[in-house]
Amino acid sequence: EGSGLSLVRRAEALHSPIKTVMVIREYAEDVIHEALLAGCDGICLQSEPFTPAFRVVARGGVYYPREVGAMLRSGSGLSSLEAPSQPLTERECQILEQVMLGYSNRQVGERLHLSVETVKTHVAHIFIKLGARDRAHACVLGIAHGFVSLEGALEGKMLV
C-alpha cells in the first residue's frame with residue numbers, strides 16, 4: 001500500500017490538477033494517515049460502491065467517510081497534525097461543507113445567499129484557522145478535526 005501512495009505523489013507531481021481516490025480493503029489508521037499526507041482527494045472501501053466517491057472528487061470535492069475522520073481523531077493520526085488556531089464558526093463549517101462537495105466560491109455564494117467576496121473571505125479564514133494549503137487539504141483537515149463530515153455535507157446538499 002505504500003507503493004500506492006508513492007504513485008499518488010508521482011501522479012500529482014506530473015499533473016497537479018489530477019484527482020486521486022484511494023480504494024482500500026479495510027480502514028487502517030496508518031494507510032489513512034499516509035493518504036491524508038499524500039494529498040489523496042478521497043478514500044473508500046473496496047467493498048463499498050465507488051460511484052459516490054468518484055462523483056464528489058470529480059466535481060472538485062473530497063471524499064473521506066465518517067469512519068476516517070473518527071479514526072484520525074481517536075488514534076495517533078492527529079498527533080502530527082497541528083491543532084486549529086481557533087474553532088470554525090457555524091458559517092465557516094457550512095461553507096467548508098459546500099467546498100467539500102466541490103462547489104466553487106460563486107456556487108457556494110449562490111447556494112448560501114452570500115456574495116462571492118464574502119465566501120472568499122470565509123475560505124481564507126478557514127485556511128488560516130486549519131493551516132490548510134488548499135481547498136482539498138482544508139476539507140480533509142475539517143473532517144479530521146471533526147468540524148464537518150462528508151455525510152453532513154451530503155445531507156445538507158439535499159436541504160440547501
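The values are calculated or read from the model by the stated rules, or taken from the named source; none is laboratory data. In this text, all values refer to a predicted model and were calculated from it rather than measured experimentally. All Cβ positions, even for glycine, are placed from backbone atoms using ideal geometry, and neighbour counts span all protein chains on display. Only protein heavy atoms, including side chains, enter the accessible area calculation; ligands, DNA and RNA are left aside. Shrake-Rupley method; radii C 1.70, N 1.55, O 1.52, S 1.80 Å.
Descriptive notes on the structure:
- For region 35-69, a residue qualifies if it is among the β-branched types (Val, Ile, Thr) and in a helix (DSSP H, G or I), and the qualifying residues are 51, 56, 57, 68.
- Residue, modelled with the highest pLDDT, within region 60-86, restricted to residues that are more than 14 Å from residue 27 (Cβ to Cβ) and surrounded by fewer than 13 Cβ atoms within 10 Å (Cβ to Cβ): 86
- Out of 92, 155, 151, 97, sole residue that is acidic (Asp, Glu) and modelled with pLDDT of 95 or more: 92
- Qualifying positions in region 30-49 - loosely packed, with under 15 Cβ neighbours inside 10 Å and modelled with pLDDT of 80 or more: 46, 47, 48, 49
- Segments classed as helices (runs of 4 or more DSSP H), wholly inside region 92-153, with at least 1 members that are in contact with a Gly (Cβ under 6 Å, 6 or more places away or on another chain) and either within 20 Å of residue 57 (Cβ to Cβ) or open to solvent by less than 40 Å² (accessible area, probe 1.4 Å) (or both): 116-130, 135-144
- In region 121-158, the qualifying residues are those that are closer than 20 Å to residue 52 by Cα and of a type in the set (Val, Ile, Thr), and the one that is nearest to the chain's Cα centre (by Cα) is 140.
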